[in-house]
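Contents: one structure, followed by commentary.
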Amino acid sequence: MKRKNTRAEKKREKKNFRQAMAKELREHRSSFLVFYTLRILVLVVLVRQLFLRNYEGAFFCILTILLLYVPSWLQVKLRIELPPPLEITILCFIFAAEILGEVNAFYVVIPGWDTMLHTLNGFLAAAVGFSMVMLLNDDERLTFDLSPAFLALVAFCFSMTIGVLWEFFEFGMDFFFHSDMQKDTVIHAIYTVALDTTRTNKVVAVPGIQDVVINGQSLGLGGYLDIGLIDTMKDLIVNFVGAMVFSITGFFYARSKGQRRTAAQSFVPSKKTEETDYLRQAQQGNLPETDAPTDKQ
């Protein structure tokens, strides 16, 4: 009897969660339209990749579809409310990184695509770090207030940590699986102590490199091939810029206790209210059935 009850409870919990997810997806008209449009586009790309027998591209499409549900899943699971601008930005970021960047090779075709995404990632990661501290500190058992400067510092450090961990991941993929996530850069000069025959740590300059020959065959790149260092440092620098932008605006937002309008205001999640906690409503049997978005945002 216990096992049957447990199975019934689990089935009921899954049903409640699905109902809450369906309601969450339709909570804001603007984010719902973006989600629905992007999902249709991904499905079209998926069909095309299957016709082309590009199964790696098809995998990225399936992964993207799953990732598009993550913002709503987090809101239901963690009982937090993502502002529509933040949710839309996350959805567009996923589409731009996976479908446009990977499947359609925008990382290679469009200069600065990777730089743009890393800058945006720095901004979003700082917003996540900032929000985590505010949400975790929003507890009636805690009686102290956090300094706005401390919140800004934590947001900045969190963003940079995420950026560094991502570069670790790229290096690991390139080192162990021979991929090229750390994109190479063509340069025309190198400065190294490895060519110092005196072994006295003197830098030897090799300027004006126009070609590189390997085993008697020219690479045809017009210069020397840097193997990822420049790309990694550039990614960290633009991540720094994005993190700094949010941290500064987040500082003024926190100092005004949310009264001063800044760029951070539209990117700071909050805790669910009773009216927007759809999982609890589903568990209590009070979730209204509707197929339309509930507001006009």
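The values are calculated or read from the model by the stated rules, or taken from the named source; none is laboratory data. What you see is a predicted model, and the numbers here were worked out from it, not measured in a lab. FYI the Cβ positions are ideal-geometry reconstructions off the backbone, even for glycines, and counts take in every protein chain you see. For the accessible areas, the whole protein counts, side chains as well, though only heavy atoms, and no ligand, DNA or RNA atoms are used. Shrake-Rupley method; radii C 1.70, N 1.55, O 1.52, S 1.80 Å.
Per-structure values
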read-out: Protein accessible area in the chain, 1.4 Å probe - carbon and sulfur %; value: 63
read-out: Computed FRET value (nearest 0.05) for Leu165 with Ile110, which takes r as the C-beta separation and R₀ as 35 Å; value: 0.85
read-out: The stretch 193-280, accessible area per residue, ligands and nucleic acids excluded (1.4 Å, Å²); value: 65
read-out: Prolate/oblate/rounded call for the stretch 45-137, Cα gyration tensor, a/c under 1.5 rounded; value: oblate
read-out: Per-pair calculated FRET efficiency, R0 = 41 Å: Ala149 and Arg29 via Cβ, rounded to 0.05; value: 0.65
read-out: Among Asn286, Asn54, Asn201: highest mean-square fluctuation, GNM of the chain, C-alpha pairs under 10 Å; value: Asn201
read-out: Contact order normalised by residue count of the stretch 1-115, Cα under 8 Å, 6+ apart, percent; value: 27
read-out: Distance in nm between pseudo-label sites at Thr192 and Asp180 (7 Å out along the Cβ direction from Cα); value: 1.9
read-out: Solvent-accessible surface ranking, highest first, for Asp226, Asp235 at 1.4 angstrom; value: Asp226, Asp235
read-out: Contact order relative to length of the chain, as percent, for alpha carbon pairs under 8 angstrom and 6 or more apart; value: 27
read-out: Residue-normalised accessible area of the stretch 1-130, given per residue in Å² at a 1.4 Å probe; value: 56
read-out: Sum of -39500 (n - 2.57) over DSSP H runs of 4+, divided by residues of the chain (222 nm, nearest 500); value: -20000 deg cm²/dmol
read-out: Within the chain, longest stretch free of exposed GluC sites (Glu not before Pro) [DSSP loop, at most 11 other beta carbons within 10 Å]; value: 1-139
read-out: Nearest-20 debye value, the chain charge dipole, Cβ charges on Lys, Arg, Asp, Glu; value: 1480
read-out: 5 angstrom amide H check on Glu81, placed H, neighbours 5+ away; value: Ser270, Lys271, Lys272
read-out: Between 0 and 90°, nearest 10: helix 55-68 axis offset from the chain longest Cα axis; value: 40
read-out: Entries in Lys10/Lys272; Lys23/Lys77; Lys202/Lys234; Lys77/Lys272; Lys14/Lys77 that, when Cα-Cα distance is taken, lie over 21 Å; value: Lys10/Lys272; Lys202/Lys234
read-out: Top of Pro83, Pro269, Pro111 by mean-square fluctuation, Gaussian network on the chain, Cα under 10 Å; value: Pro111
read-out: Chymotrypsin sites (Phe, Trp or Tyr not before Pro) within the stretch 80-183, DSSP loop, no more than 13 other Cβ atoms inside 10 Å; value: Phe144
read-out: Virtual spin-label span in nm between Thr273 and Ile237, 7 Å along Cα→Cβ; value: 4.6
read-out: Per DSSP, loop trypsin sites (Lys or Arg not before Pro) in the stretch 1-69 with at most 14 further Cβ within 10 Å; value: Arg53
read-out: Listed residues Leu225, Leu135 arranged by accessible area, highest first, probe 1.4 Å; value: Leu225, Leu135
read-out: Cα gyration tensor shape for the stretch 229-290, rounded if a/c is under 1.5, else prolate or oblate; value: oblate
read-out: Acute angle (nearest 10 degrees) that the helix 29-51 long axis makes with the longest principal axis of the chain, alpha-carbon atoms; value: 50
read-out: Rounded to 10°, Cα long-axis angle of helix 113-137 versus longest principal axis of the chain; value: 40
read-out: Accessible surface of Met160 - all protein chains present, 1.4 Å probe, nearest 10 Å²; value: 40
read-out: Computed label-point distance, nm, for sites Leu66 and Arg261 using a 7 Å Cα→Cβ extension; value: 4.1
